[in-house]
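The values are calculated or read from the model by the stated rules, or taken from the named source; none is laboratory data. Remember, predicted model here, so these are calculated numbers, not experimental data. Positions of Cβ are backbone-derived with ideal geometry, glycine not excepted, and every protein chain shown enters the neighbour counts.
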Amino acid sequence: MDKILKHAVQLDADTIASLRQAIERGKYSDGRRLTEDEVAMCIQVVIAWEHAHLMPDQRTAFIDRGSKKEDEHCASSQGDTPTDGQPVRWQ
């Protein structure tokens, strides 16, 4: 597996785009369905390639969490939540 991922970083961008499309559609461009193992492998190859070639904010599934200044806190820790700091009660 590690050997495959080492080679994955050498693939070109068009090949990675094709793998992304196969993952999204669940089948290769020629119509053959991907098995669960093939989907998992394709995902790992895409992640390995993106890690080697793209900035974090360009990678698949990037979540922009923003940034805070040194003394800045989340609204929930300041009591500024819609519940004014009171716990939510589920019924």
Inset, instruction - Scan segment 42-72 for residues that are charged (D, E, K, R) and either surrounded by 14 or more Cβ atoms within 10 Å (Cβ to Cβ) or closer than 21 Å to HIS7 by Cβ (or both) and report the count. - result: 2
Legend entry - Every residue from segment 17-41 that is surrounded by 13 or more Cβ atoms within 10 Å (Cβ to Cβ), hydrophobic (A, V, I, L, M, F, W, C) and either more than 21 Å from LYS6 (Cβ to Cβ) or modelled with pLDDT of 95 or more (or both): LEU19, ALA22, ILE23, LEU34, VAL39
Inset, instruction - Quick one: ALA22 ticks every box in (1) touching a residue at least 24 places away in the same chain (Cβ under 8 Å); (2) in a helix (DSSP H, G or I); (3) touching a Leu at 6+ places or on another chain (Cβ under 9 Å) except a single one, so which number is it? - result: (1)
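Given the options ARG59, ARG65, name the one that is touching an Asp or Glu at 6+ places or on another chain (Cβ under 7 Å) and modelled with pLDDT under 95.
Only one candidate qualifies: ARG59.
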Legend entry - Single unsatisfied condition, LYS3 versus (1) surrounded by fewer than 14 Cβ atoms within 10 Å (Cβ to Cβ); (2) within 21 Å of ALA61 (Cα to Cα); (3) free of Cβ contacts under 8 Å to residues at least 12 places away in the same chain: (2)
Inset, instruction - Pick out the one residue from ALA8, ALA48, ALA75 that is over 24 Å from the mean Cα position of the chain (by Cα), of a type in the set (A, V, I, L, M, F, W, C) and modelled with pLDDT under 95. - result: ALA75
